[in-house]
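The values are calculated or read from the model by the stated rules, or taken from the named source; none is laboratory data. This one's a predicted model, so the numbers in the text were calculated from it and none came from an experiment. Here Cβ is always computed from backbone atoms with ideal geometry, including for glycine, and neighbour counts include all displayed protein chains. The area values use the complete protein model at the heavy-atom level, side chains included, leaving out ligands, DNA and RNA. Shrake-Rupley method; radii C 1.70, N 1.55, O 1.52, S 1.80 Å.
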Amino acid sequence: MDQPLSMKLASLSLISQHKLEKILDQCGSKADLIIDPSLIKPLEKICGVSWLRHHGIEKIYKMDPQLGPTANTIRVYLIPACIKKYKCVLDQISSLLSQNPSLTDAKCFNIIITPKVISMFDSILENRGLYDVVKLHSFTWELMYLDDQLLSLELPFLYKQLFVEQNHSLLSSISMSLWSLFHVTGRPKCILSLGKLSASVLDILEVYNESYSRDFISPEFSRDFGALILMDRDQDYASSLLTPATYSGLLSEIFDISCGRLEMNGNDTKLKRGKLNFTTSEGKSSKPTVINLDSSIDNLYGEIKHRHFSEVLSVLSSKAKLLKNEDIKALGIQEMKEYVATKLQQVTLFKQNLVNHVLVSETIISEMNNKFENLTLTESEMLNNRNKKSNFTFVDENFGTDIHIYNSLRLMCLLSLTQGLSYEEYNSLVSKYLLAFGYKFLYVFNNLIKAGLLVQPSSPKLTLSNLGNLSERLPKWQNEFQTIANKLKQLPSKSDDGKSPSYVFNGGYVPLVAVICNALLSSESLPDVLTKLSALSDLKVGGAVIEKLKDGIGTLNEKLANMNLQSDLDFGCRDAKTLLKTMKGDKLNCFNLKPRTILVYVIGGVTYAEIAACNVIQTVTCSKIIIASDCIVSGSDLMAANT
């Protein structure tokens with residue numbers, strides 16, 4: 001395993017292939033694959049059509065409730081772990097059995113569920129009378145290597161299940177992805193977790209380590225990762241709600257991106273689809289242009305992806321001038337042959353990529369129009385708790401004249417989290433949204449509150465009994481968001497020199513993942529790290545750096561036996577504040593971040609702006625930061641998950 005880290009990460013797809021191969025071998029030969037459309041692109045990252053045919057799949061169909069007969073008797077369904085889609089498949093199977101009862105004993109129906117089969121699926125199967133007729137398979141694919149230093153599980157439905165529905169049955173799939181990754185790279189010595197779900201993932205990971213220990217795994221710690229940072233999405237909602245200023249961030253705001261592939265259609269963007277337009281005129285639908293957001297395929301994208309959008313057009317212009325100045329007329333016959341054999345294909349591909357990025361940039365400019373400056377200015381005022389009245393007026397006018405099904409909610413949530421909403425302001429915005437889109441969307445606000453994106457104000461009932469709490473209802477100069485952000489230095493001053501990771505939000509905010517990475521990479525001891533991050537209440541520490549402080553509790557059984565019922569079960573990690581008190585005055589020389597490579601794993605989706613911010617930190621600290629998540633998201637994607 002002395003291969004470079006990039007090769008190890010790319011090899012994860014081979015593990016996914018092996019898992020799928022074992023499942024297909026159980027399904028039998030000459031089978032038809034019926035796949036949910038949302039899983040087509042992830043499956044393409046794992047294997048191709050020729051690979052599937054080599055392993056017994058003859059025909060491939062898109063999942064459709066009205067799907068008729070297929071070429072072969074054996075059917076293999078591939079669907080996400082969604083109860084609605086699962087029931088749709090069972091309805092289709094029941095319909096086929098009613099038409100041809102002889103299929104009942106043939107055992108020709110297989111359902112592959114990603115990331116795993118949950119217990120409820122077995123119960124539904126038994127209630128339908130299909131328990132011995134349909135066979136269920138779990139397919140937990142590995143992290144996909146989408147771009148340089150970017151990994152993703154490509155499971156966008158996880159955010160809704162974990163944070164909105166608060167259904168944690170699929171949380172173990174996050175632990176399993178880490179467990180498999182550490183089998184390839186080794187375990188990091190230092191682990192930091194932020195959030196309840198992250199702590200649970202570490203606990204499950206410890207159970208996996210005890211339950212599935214393997215002799216061929218080296219007991220030595222990772223030579224590839226010095227530290228792991230696990231963070232819940234709800235610990236830094238601001239980074240997903242703010243408007244990004246980077247090229248890749250704005251791409252995710254305007255276009256649909258799946259598995260690192262962008263589909264560009266000027267007549268069908270995220271902004272246009274969600275806009276309330278009373279004079280809708282359907283434009284001509286054109287064939288979408290596909291752009292691979294992978295630096296190894298598109299070098300030009302690798303050069304501009306993390307740049308501020310204001311710099312992108314000048315870079316593209318300079319590249320176009322270089323192509324124009326390239327004179328091939330002066331080449332001789334032999335030189336011309338060599339040019340055609342070696343450079344022509346590369347130049348043609350580069351020209352096509354250049355044209356695509358110019359078209360994309362033009363679409364971004366036309367979509368954002370003159371809104372970008374006003375939007376980022378208002379967001380900056382919200383972050384710093386200034387001009388609350390004018391900020392609400394901006395949001396209120398947006399709800400009245402420029403309402404968008406997702407982005408208007410996004411502004412409302414940002415204002416609620418940073419400056420708060422009064423009872424009257426909250427009701428006013430809710431009423432305008434429901435009048436625009438219908439009262440059927442009333443449940444959306446309850447979902448936003450459950451996910452922690454929106455703070456619902458209490459009803460103001462001013463009576464003699466609660467006059468004593470009047471001070472709590474008075475305007476505050478600084479709320480909890482600003483208090484924590486100022487302690488962590490997430491709100492830089494205007495005199496910033498431009499080298500701060502805050503550039504990803506036009507100089508207004510530093511993403512929390514970048515702050516944590518910087519604290520780890522710029523500290524000489526673990527107490528120093530924990531002191532810098534003391535403002536974070538849910539921070540926990542795990543890994544080899546705290547092994548000496550485990551008080552002799554080495555196994556899960558012993559932990560359960562010694563557990564205090566009034567305390568939480570933290571098997572995979574320990575509370576940072578408690579740990580800091582026990583280490584006071586001790587520099588813990590065992591904390592030595594080597595190699596200087598950090599794995600950041602965000603549960604609930606990571607944004608391109610956060611990836612760009614971490615890129616600044618790794619440049620400044622001469623380190624390497626690998627970003628991983630269950631999916632790549634934008635603010636509108638989070639809003640869509642709540643609707």
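General observations
- Counted residues, the range 285-308 - those being assigned to a loop (DSSP other than H, G, I, E, B) and either open to solvent by 60 Å² or more (accessible area, probe 1.4 Å) or not basic (K, R) (or both): 12
- Scan of the range 369-418 for residues that are over 25 Å from S310 (Cβ atoms), of a type in the set (D, E, K, R) and open to solvent by less than 50 Å² (accessible area, probe 1.4 Å), ordered by number: D396
- Subset of the range 1-36 (residues that are open to solvent by 70 Å² or more (accessible area, probe 1.4 Å) and in contact (Cβ under 8 Å) with a residue 12 or more places away in the chain): M1, D25, Q26, S29, K30
- Of N167, N110, all but one fail to be touching a His at 6+ places or on another chain (Cβ under 8 Å) and among the polar types (S, T, N, Q); the exception is N110.
- Filtering V207, V201, V117 for residues that are at pLDDT below 95, part of a helix (DSSP H, G or I), open to solvent by 10 Å² or more (accessible area, probe 1.4 Å) and of a type in the set (V, I, T) leaves a single hit, V207.
- Given (1) in contact with a strand residue (DSSP E or B) (Cβ under 9 Å, 6 or more places away or on another chain); (2) within 30 Å of L293 (Cα to Cα), index of the condition H55 fails: (1)
- Scanning the range 3-25 turns up no residue that is over 30 Å from S296 (Cβ atoms) and either at pLDDT 95 or above or touching a strand residue (DSSP E or B) at 6+ places or on another chain (Cβ under 8 Å) (or both).
- Qualifying residue in the range 453-474 (condition: crowded, with 21+ Cβ neighbours inside 10 Å and either modelled with pLDDT of 90 or more or in a helix (DSSP H, G or I) (or both)): yes
- Yes/no for I257 being touching a residue at least 24 places away in the same chain (Cβ under 8 Å), open to solvent by 10 Å² or more (accessible area, probe 1.4 Å) and among the β-branched types (V, I, T): yes
- Of the residues I112, I57, I124, the single one that is crowded, with 17+ Cβ neighbours inside 10 Å and modelled with pLDDT under 95 is I57.
- Residues satisfying the stated conditions in the range 1-46, i.e. hydroxyl-bearing (S, T, Y), in a helix (DSSP H, G or I) and farther than 30 Å from R223 by Cβ: S38
- Which numbered condition Y601 fails, given (1) over 25 Å from V207 (Cβ atoms); (2) of a type in the set (F, W, Y); (3) at pLDDT 75 or above: (1)
- Taking the range 353-434 as the region of interest, the helices (runs of 4 or more DSSP H) fully inside it that hold 1 or more residues being in contact with a Leu (Cβ under 6 Å, 6 or more places away or on another chain) and of a type in the set (D, E) are 371-383.
- Residue match in the range 217-234 (condition: in contact (Cβ under 8 Å) with a residue 24 or more places away in the chain, assigned to a helix (DSSP H, G or I) and in contact with a helix residue (DSSP H, G or I) (Cβ under 9 Å, 6 or more places away or on another chain)): yes
- Looking only at residues in the range 127-158 that are open to solvent by 30 Å² or more (accessible area, probe 1.4 Å) and in contact with a Gly (Cβ under 8 Å, 6 or more places away or on another chain), the one that is nearest to S634 (Cα to Cα) is P156.
- The conditions of being open to solvent by 40 Å² or more (accessible area, probe 1.4 Å) and closer than 22 Å to E126 by Cα are met by D91.
- Residues that are surrounded by fewer than 14 Cβ atoms within 10 Å (Cβ to Cβ) and at pLDDT below 95 do not occur anywhere in the range 625-636.
- Among residues of the range 413-425 that are aromatic (F, W, Y), those with a beta-carbon under 8 Å from a residue that is open to solvent by 30 Å² or more (accessible area, probe 1.4 Å) at least six positions away or on a different chain give the pairs Y423/S458; Y423/S459; Y423/P460.
- Meets criteria (part of a helix (DSSP H, G or I), modelled with pLDDT under 90 and among the small types (G, A, S)) for S318: yes
- S380 falls short of the stated requirement of being more than 18 Å from S416 (Cβ to Cβ), at pLDDT 90 or above and under 27 Å from the mean Cα position of the chain (by Cα).
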